[in-house]
Every structure is written in C-alpha cells, then in structure tokens.
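Enquirer: Take a look at the following structure, please.
The values are calculated or read from the model by the stated rules, or taken from the named source; none is laboratory data. Model, not experiment: these values are computed from the prediction. A quick note on method: Cβ atoms are made from the backbone with ideal geometry, for glycine too, and the neighbour counts reach across all protein chains shown.
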Amino acid sequence: MGFNKFAVIGVGKYGSNIARRLAEKGAQVFVYDNNEEKIENIKDDVAFAVTLNSTDFKALTSQNLEEMDAAVVAIGENFEATVLTAVHLMDLGVKRIIARANGADQRLILEKIGIKEILTPEDEVAFVIREKLLNPSILSFLQLSEEYEIAEIKPPKGTLNKTIEDIDFRNRYQLTLVTMRREYDIKKKGQYEVEQHVIGVPKGDTVIESRDTLVVFGTAKHVQRFIDVNES
C-alpha cells in the first residue's frame, strides 16, 4: 500500500471506527467534526483532527482536501449536512467521495447529486470499508475466516485482453476464479441501459474485459498480490 491520505468527516461511533482502522493500516487520516468533544476523543489516534463545520464551504476550503485520496462523509444524524458537505467536496475537486446513507431515499438523493460510492447500514462493518478504501480495485468481499475471503475485484490492467488460461489464477496466484460478471449495454425502449450478467464458471478461453468483475477466492494476501503484480 502506498502512503494514503484520507479525510473522515463526522467522527461519531461509525466515523471514528473507520478513521482508527485506516490509521492502524498506516494511512494518514485527517478527521473533522463540529463537536469538540468527539475531536478530543480521537485526536491521539489520527494524523490530524480539527473541530470544523463541514457545511461551511469557506472552512473546508482551508483544509486542502483536494489533496486527499478520498473523503468519507460519515455524518449520521444530519442528512442535510451530509448532502451539503458532499456537494462542497465535489466543488473542491476531491478525487473520491464516499458518503453515508440511511435508507433508499437518502441513497437516491446522493446518487442524484453525483455521489457514486454510498455506504448503507448493511455495509457498516468498519474493516470492510477500510479494505475498500485502501484498495479501490476491491469492490466488495466476504471474510470467510481469519485468512480466506471471496473478493469482487475490478480487473487489474495487466489482465485485460488476456484469457483465463493465460493468467493462470490457481498456479501463479494461488487463487480460484469463482465466476465473472460482465456489463452489457442493452437497448430498452430506445434507450441504452447497463446490465450486469453473470458469466457462470468462466472457461479457459474467456477473455477478460475492462467492464468485467472478477470474483475470486483465496487469502487476503494472495488477492492483494494478484492486484499489485498486475497493476504495476
């Protein structure tokens, strides 16, 4: 992992958990909250902690947030503040914005304003969030034991246009390719919609495309190695 810089805005129970776990992994974590007591509670565990109202655009502008690898908006109790903060971060040019939604209505609103990564209550296991943040190639994963997981990953660039046989998941990377999902543009009522189709058990001559999702089984270490080797 490179030296990652993350902002976590809103450090209640949920946000502080994410911030601490990112810091444990060696990331440089900057936290912001308008509650001074919450900032006091976390300041020793992160690189930088400041009391700040994130709905105040001028206050956010002073924090160089555009330099962050990602910003997590983890404000739980005030959805209006979440929306306003997310809009400000977009205006500041933050590369990656992840925001929290409670329920379908909030998710819809965040999608409408252009937020692509949305955390919902069922995602709220901090180590899952941490892994997704530290490695954007990992779309989601299911921890099966201390060591093994099933991970959904975007194909690293070194695997594109190669066949499953060429890549040799099992012998070269100690991974099992469980299945693949592929995106298609389907024309419906005169408009194109994106649909994902499960390929099933991929054959050796199946060629990996950029819009595929690979579902692999193995240890976290081997999943990470597969991504690192093929991204470099």
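Enquirer: Determine if region 35-53 includes at least one residue that is assigned by TED's automatic domain parsing to the domain that holds THR120, hydroxyl-bearing (Ser, Thr, Tyr) and within 28 Å of LEU108 (Cα to Cα).
Expert: No: zero hits.
Enquirer: Can you name every residue in region 212-232 that is surrounded by 14 or more Cβ atoms within 10 Å (Cβ to Cβ) and either in a loop (DSSP other than H, G, I, E, B) or β-branched (Val, Ile, Thr) (or both)?
Expert: Result: THR213, VAL215, VAL216, THR219, VAL223, ILE227.
Enquirer: Looking at region 1-95, what strands (runs of 3 or more DSSP E) fall wholly within it and have at least 1 residues that are basic (Lys, Arg)?
Expert: 5-9
Enquirer: Within the set of pairs 6 or more residues apart or between chains, which connect a residue that is assigned by TED's automatic domain parsing to the domain that holds VAL201 inside region 160-180 to a residue that is part of a helix (DSSP H, G or I) and loosely packed, with under 15 Cβ neighbours inside 10 Å with Cβ atoms less than 7 Å apart?
Expert: THR176/ARG170
Enquirer: Of everything in region 164-196 that's closer than 16 Å to VAL216 by Cβ, surrounded by 11 or more Cβ atoms within 10 Å (Cβ to Cβ) and among the polar types (S, T, N, Q), which residue is nearest to the chain's Cα centre (by Cα)?
Expert: THR179
Enquirer: Next question, about the same structure. Suppose we filter ILE118, ILE109 for residues that are in a strand (DSSP E or B), assigned by TED's automatic domain parsing to the domain that holds LYS25 and either at pLDDT 85 or above or not aliphatic (A, V, I, L, M) (or both); which single one remains?
Expert: ILE118
Enquirer: Could you tell me which numbered condition VAL46 fails, if it satisfies all but one of (1) more than 18 Å from ALA86 (Cα to Cα); (2) touching a residue at least 60 places away in the same chain (Cβ under 8 Å); (3) touching a strand residue (DSSP E or B) at 6+ places or on another chain (Cβ under 6 Å)?
Expert: (2)
Enquirer: What residue, of ILE199, ILE186, ILE208, ILE164, is touching a Gly at 6+ places or on another chain (Cβ under 9 Å) and of a type in the set (Val, Ile, Thr)?
Expert: Residue meeting the stated conditions: ILE164.
Enquirer: Identify the residue in region 138-163 that is buried (at least 20 other Cβ atoms within 10 Å of the Cβ) and at pLDDT below 75 and, among all such residues, is farthest from the chain's Cα centre (by Cα).
Expert: Checked region 138-163; the qualifying residue farthest from the chain's Cα centre (by Cα) is PHE141.
Enquirer: Do you know which of the residues in region 25-43 that are out of contact with any strand residue (DSSP E or B) (no Cβ under 8 Å at 6 or more places or on another chain) and touching a residue at least 24 places away in the same chain (Cβ under 8 Å) is surrounded by the most Cβ atoms within 10 Å (Cβ to Cβ)?
Expert: Ranking the qualifying residues of region 25-43, first place goes to LYS38.
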